[in-house]
Amino acid sequence: MAQERTVLYENNEIHYFLEQKQVKNLNLRIHKDCMVYVSANPDVPVEKVDDFVVSKGAYIRSVQRKFWEMAQYAPQPKQYVSGETFYLLGRGVRLKVEKNVRDTIFSDGIYLYLCVKDTEDFAKKQRMVTRYLDEQCRTVFGEIISEIYPIFQKYGVPIPILRIRDMETQWGSCLAKKGVITLNKRLLEAPRNCIEYVIMHEFCHFIHPNHSKRFYGFLAMMMPDWKERKTILDRSAMFWL
């Protein structure tokens, strides 16, 4: 059972849930609902955990503020009707639903044409758009991985397995030992250079599995402007998520 605790940071309360389990380190997680969770070994005094949370106060407030801002801009659930906007590679495309004897979906870069036999069939429209976006993810992400991979081939990195998932708090992740790169579906909405940054970031984890100084030095060598790309991604994320 998680124990709810409260600490004081700059005269403001921070509420968090303490989960005591067999872990080596103190682990801090902030969910999209702004709730704070800390896992700690039962041997760690709760006073030490409290101090840890206070030391992370500025970070906690920053992330909570970001999640709150994202919630303000969170789009309403799609109804799959003409006029709705979908983002592809940083550009908004308008949905056009048209009646057609043959079900098909395609985009000309300005509109996303959804042609269906029954324009009122919500489930069918949802499936078609979801399948189309998933295919675009696999195509775009696959192309960028193919472009970046040769750089890492000389380091003995195997061609990674690409997995695409809905992810709440990450753009991507890497399982170096299993040769797997997982990317967030919503990354398709970002500009291509931002997608390149995320994929490069994950590739670098095959060489340096953690976020050490050596990792960031290696990333900077591979992509000197990675900070600029990350800034664009972070600033725009609230409009896409």
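The values are calculated or read from the model by the stated rules, or taken from the named source; none is laboratory data. Remember, predicted model here, so these are calculated numbers, not experimental data. Virtual Cβ from ideal backbone geometry, glycine too; neighbours counted across all protein chains shown.
Tabulated data
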item: Complete set of residues in segment 109-132 that are buried (at least 18 other Cβ atoms within 10 Å of the Cβ), of a type in the set (A, V, I, L, M) and part of a helix (DSSP H, G or I); result: Met128, Val129
item: Residue satisfying condition, being part of a strand (DSSP E or B), more than 25 Å from the chain's Cα centre (by Cα), modelled with pLDDT of 95 or more and surrounded by fewer than 15 Cβ atoms within 10 Å (Cβ to Cβ), within set Glu4, Glu47; result: Glu4
item: Top-ranked residue of segment 149-173 - restricted to ones that are touching a residue at least 40 places away in the same chain (Cβ under 8 Å) and β-branched (Val, Ile, Thr), ranked as nearest to His208 (Cα to Cα); result: Val157
item: Residue within segment 50-59 that is among the aliphatic types (A, V, I, L, M), in contact with a Phe, Trp or Tyr (Cβ under 7 Å, 6 or more places away or on another chain) and either under 30 Å from Val129 (Cβ atoms) or without any contact (Cβ under 8 Å) to a residue 60 or more places away in the chain (or both) present; result: yes
item: Residue check for Val53: surrounded by fewer than 16 Cβ atoms within 10 Å (Cβ to Cβ) and either touching a strand residue (DSSP E or B) at 6+ places or on another chain (Cβ under 7 Å) or not in a loop (DSSP other than H, G, I, E, B) (or both); result: no
item: Residue check, Ile14 part of a strand (DSSP E or B), touching a strand residue (DSSP E or B) at 6+ places or on another chain (Cβ under 7 Å), more than 30 Å from Arg127 (Cα to Cα) and β-branched (Val, Ile, Thr); result: yes
item: Residue under evaluation Trp171, criteria (1) buried (at least 16 other Cβ atoms within 10 Å of the Cβ); (2) farther than 26 Å from Arg29 by Cα; (3) not aliphatic (A, V, I, L, M), criterion not met; result: (2)
item: Lone qualifier among Asp51, Asp33, Asp103 - being farther than 30 Å from Ala190 by Cα and acidic (Asp, Glu); result: Asp51
item: Test: residue in segment 194-210 that is modelled with pLDDT under 95, outside any helix (DSSP H, G or I) and either out of contact with any strand residue (DSSP E or B) (no Cβ under 6 Å at 6 or more places or on another chain) or buried (at least 17 other Cβ atoms within 10 Å of the Cβ) (or both); result: yes
item: Subset of segment 62-100 (residues that are within 25 Å of Val140 (Cα to Cα), outside any strand (DSSP E or B) and of a type in the set (D, E, K, R)); result: Lys78, Glu84
item: Residue among Leu219, Leu233, Leu188 that is in contact with a Leu (Cβ under 8 Å, 6 or more places away or on another chain), surrounded by 19 or more Cβ atoms within 10 Å (Cβ to Cβ) and not in a strand (DSSP E or B); result: Leu188
item: Unique match (being of a type in the set (Val, Ile, Thr), in contact (Cβ under 8 Å) with a residue 24 or more places away in the chain and touching a His at 6+ places or on another chain (Cβ under 9 Å)) among Val97, Val36; result: Val36
item: Given (1) among the charged types (D, E, K, R); (2) surrounded by fewer than 13 Cβ atoms within 10 Å (Cβ to Cβ); (3) more than 30 Å from Gln72 (Cβ to Cβ), number of the condition Glu13 does not satisfy; result: (3)
item: Residue identified as in a helix (DSSP H, G or I), among the aromatic types (Phe, Trp, Tyr) and under 23 Å from Glu168 (Cβ atoms) among Tyr59, Tyr37; result: Tyr59
